[in-house]
Structure formats: structure tokens, C-alpha cells
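Before any comments, here is the structure.
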Amino acid sequence: MIVTANLSDTTPGSELKALLRVLDGQRRHVLGILDGLDAKDLRRPVLPSGWHCLGLVQHLALDVERFWFRAVVAGDEEVIHGLTSGDEAWKVAPEVPAIDVLDRYRREAELADAVITAAASADSALAWWPHDLFGEPHLHTLRDVLLHVITETACHAGHLDAARELIDGRRWLVLT
């Protein structure tokens, strides 16, 4: 039996709901591939670049979820003024418990979801653009940002897959 999507669903918000479901799946992948790793392994760099899983999750929380949704889409002045530069988000202080970083990612995802669900449509314009980082805007709508964040989160989920396999051999999804 072949199952097809209901392509005639044009109710307001249906596109946003679909995009949010895809993003949520990638977020679950990020957290799921790390499940069971202890604090030491979460901080263990396994690639020559030196990043570790916890740093990547913090990057996703701050430079992806917070930045794109709360700053760019919503224009939250407090978030915009608190943005850091460079690779600071990748650095997790030794005294910061791993659970705090993972919980912050979950919380930033919840805050991002609130921004997304409050939008009128996927065509909603962006409230702010970081010209100093990216020059002229190359993303223009919430849809553009959602697709960008889905892509970036999926890419980083793949990085975490590789790191996890190098750490202890666990693989997220194996098709035989």
C-alpha cells in the first residue's frame, strides 16, 4: 500500500506545522544520538578540529535556535544585544554541567517554537537582519529561516552521528 501526503491541506499554518515537524525530528536526532553518553564523553573531541558534542549542542542552542528565531525572526532586542561573536558558543566552560547545556538547547527550541507558532504564515517577514555578519539579506521569510535551520540542524546531527560512532561505536540509524 502506498501512502501519500494530503497535498490539498492549505489551512492557515499547515506549512508552518509541517516545517516545524521536520525541525523537531532533527532536534530529537541531535538529543537522541547523545543519549547515554557521560559528561566526559560529551566533552571529548574526536576530530582534528577539536570540537566536542557538548560544544556543538551549545552552538545549536545559541547560534542557531536563539539567533535565527529570537533575533532574526522575532527581532528580540535583548537577544540581539546579547549575541556573541566568533566561536564562543562552541566553548563550554568546564564547570558547566552537561545537563545544563542540553536543557538550554531544549529551552531555546521551545522559545523558537513559540516564535514560529506566533507567526501569521511562513511568508512572514524577518524582523532583523545581521548585515555586519552576512551583508545583504539572503533569507527573507520565516520559511527561508526554517529551511536554513532544518538544514543546519540536520548537518550537525550528522556530525554528532560520526562523533558518537567514533566515541563508542553507537549508530543512530542503520539500514541493512
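Multiplying the sequence separation of R170 and T117 by 0.36 nm and subtracting their Cα-Cα distance, what value in nm do you get?
Residue separation times 0.36 nm, minus the Cα-Cα distance, leaves 15.6 nm.
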Share of accessible surface on carbon and sulfur in the chain, whole %, 1.4 Å probe and ligands ignored, is 56 percent
Going by the alpha-carbon gyration tensor, a ≥ b ≥ c the square roots of its eigenvalues, is the chain rounded (a/c under 1.5) or, if a/c is not under 1.5, prolate (a/b greater than b/c) versus oblate? oblate
Would you mind calculating the gained length between T151 and R44 on full extension (0.36 nm times residue separation, minus the Cα-Cα distance), in nm to one decimal? 36.0 nm
Mean-position separation - Cα centroids, segment 89-108 and segment 12-77, in angstrom: 11 Å
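The values are calculated or read from the model by the stated rules, or taken from the named source; none is laboratory data. These numbers were taken from a predicted model, which means no experiment stands behind them. Surface accessibility is based on the protein's heavy atoms, side chains included, excluding ligands, DNA and RNA. Shrake-Rupley method; radii C 1.70, N 1.55, O 1.52, S 1.80 Å.
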